[in-house]
Amino acid sequence: MYSELGAMAYTKISNGGVLMSILPGLRTKLYLGTDHLLLIEQFILVERYKRFYFRDIQAITRANSARWVVFSAIWGVCALVSALILLFHHPVAVAIGSIFALLFGFAFVQTVVQGPTCVVRLQTAAQSYRIAPLERVRIFRKGMEAIEPLIRNAQETSFANPGPTL
Amino acid sequence: MAIRLNCPRCSEPIPATSAGNAQMLRCPACSATVEAVLFPAMLIEPPARTKIQIARGSEAGCYFHARYRAVTPCAGCGRFLCELCSVNVGARFLCAECISNLRKQRSESGLVHHAALFDNTALFLVIGPTISLFFSIFTLLSAPAALFLSFYYWSRQWTLLRRSRVRFAIAIMSSIMLLLGWAVVIYTIITSKNNVF
């Protein structure tokens, strides 16, 4: 069912992480509306909006993934290699090595601090869709605390008084 | 009652029951431990397919399917619509054409499903060729284009959520700097040639 609101107030649940914020145009963000979840998928020049109405959501599933271990290892190795460049004692090598070591070091620390990753899917009667902004266990738990009561409340209300549907 | 649930990792079906709102399941295909939060909508049977009736005698027919009986007028254009053509939008019934027009006009944000990001376009037009070095000559064209986009869409860009104009500002400043740079390069070339002759 579509919402007829002209300008709806949205509450941010997740904006896809710090690393993705640095890259302009490759982000997915999740917002909470009054009767739906709004998933914003940004791909460089276009922003796509996907709305998941509370009354249509059947299940939200999550499984742990090893993505954070893989990325931590990649960033860690890159930071280490960049730090090794500093051993050349040449001013240019030191400058380049420091910049890259800092960049990769930041990415490594950020990945570790954010914690374990997971794969999250939202299921409706018509589709199963991956919700990338919730794919950190910590963010998933926090997000579900906000989302779950709203979905249950909406479904209890709508199934008690079924209205016209799309 | 058995319910249909798929593994978020491998998309294979997982056997689950309707007992309990939150369940820890194991995927038989990839052996992943799946945490599933189930909602009451899972247990609702899908609505039965609507029956389309043929218009008889003096009964009004659908604008798009003259053979089918009209059940409601479109709230936008007033055309008679059959069960197949009437789309419920909030408290109104609309035809597909009116929904398409509403999407184009962006008068109802609930119907809009995409928006063009002209600030990112302007930024990429400036930064893309500049950092590629090999294609930096193209900034002669892309910088004015980015400048035009930034000024034209400064207040015209539409997105569902409010978006900052920082990217536009960066694109404008970068374009001006690039154009000034090119002006200096061209001036230097011309003056050096004049000195030679």
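The values are calculated or read from the model by the stated rules, or taken from the named source; none is laboratory data. Computed from a prediction, not measured in an experiment: that's the story for all the values here. Positions of Cβ are backbone-derived with ideal geometry, glycine not excepted, and every protein chain shown enters the neighbour counts. Each accessible area value is taken on the protein alone, full model and side chains, heavy atoms only, with ligands, DNA and RNA left out. Shrake-Rupley method; radii C 1.70, N 1.55, O 1.52, S 1.80 Å.
Things to note:
- Filtering the range B:3-35 to residues that are open to solvent by less than 40 Å² (accessible area, probe 1.4 Å) and within 29 Å of the chain's Cα centre (by Cα) leaves B:Leu5, B:Asn6, B:Cys7, B:Pro8.
- Residue ranges of strands (runs of 3 or more DSSP E) in the range B:69-142 with at least 3 members surrounded by 15 or more Cβ atoms within 10 Å (Cβ to Cβ): B:87-89, B:92-94
- Pick from the range B:69-90, criterion facing chain A (nearest Cβ under 7 Å) and more than 27 Å from B:Gln157 (Cβ to Cβ), ranking: modelled with the lowest pLDDT: B:Asn88
- Filter result for A:Tyr49 (at the interface with chain B (Cβ under 9 Å from one of its Cβ atoms) and at pLDDT below 90): no
- Selection from the range B:144-197 of residues that are among the hydrophobic types (A, V, I, L, M, F, W, C), part of a loop (DSSP other than H, G, I, E, B) and open to solvent by less than 70 Å² (accessible area, probe 1.4 Å): B:Leu160, B:Leu161
- Matching residues in the range B:103-121 - criterion: being within 7 Å of chain A (Cβ to nearest Cβ), at pLDDT below 80 and within 26 Å of B:Val166 (Cα to Cα): B:Ser109
- Take the conditions (1) more than 16 Å from the chain's Cα centre (by Cα); (2) more than 7 Å from chain B (Cβ to nearest Cβ); A:Phe71 misses just one of them, which is (1).
- Taken over the range B:157-180, residues that are farther than 14 Å from B:Asn120 by Cβ and without any contact (Cβ under 8 Å) to a residue 12 or more places away in the chain amount to 5.
- Residue tally, condition of a type in the set (Gly, Ala, Ser) and open to solvent by less than 10 Å² (accessible area, probe 1.4 Å), over the range A:116-148: 1
- Whichever residue in the range B:55-68 is in a loop (DSSP other than H, G, I, E, B) and small (Gly, Ala, Ser) and, among such residues, is most open to solvent (accessible area, probe 1.4 Å): B:Ser58
- Among the residues of the range A:27-45, the one identified as in contact with a strand residue (DSSP E or B) (Cβ under 6 Å, 6 or more places away or on another chain), over 29 Å from B:Ile14 (Cα atoms) and either among the aromatic types (Phe, Trp, Tyr) or at the interface with chain B (Cβ under 9 Å from one of its Cβ atoms) (or both) is A:Gln42.
- Any chance A:Thr124 is under 27 Å from A:Ala66 (Cβ atoms) and hydroxyl-bearing (Ser, Thr, Tyr): no
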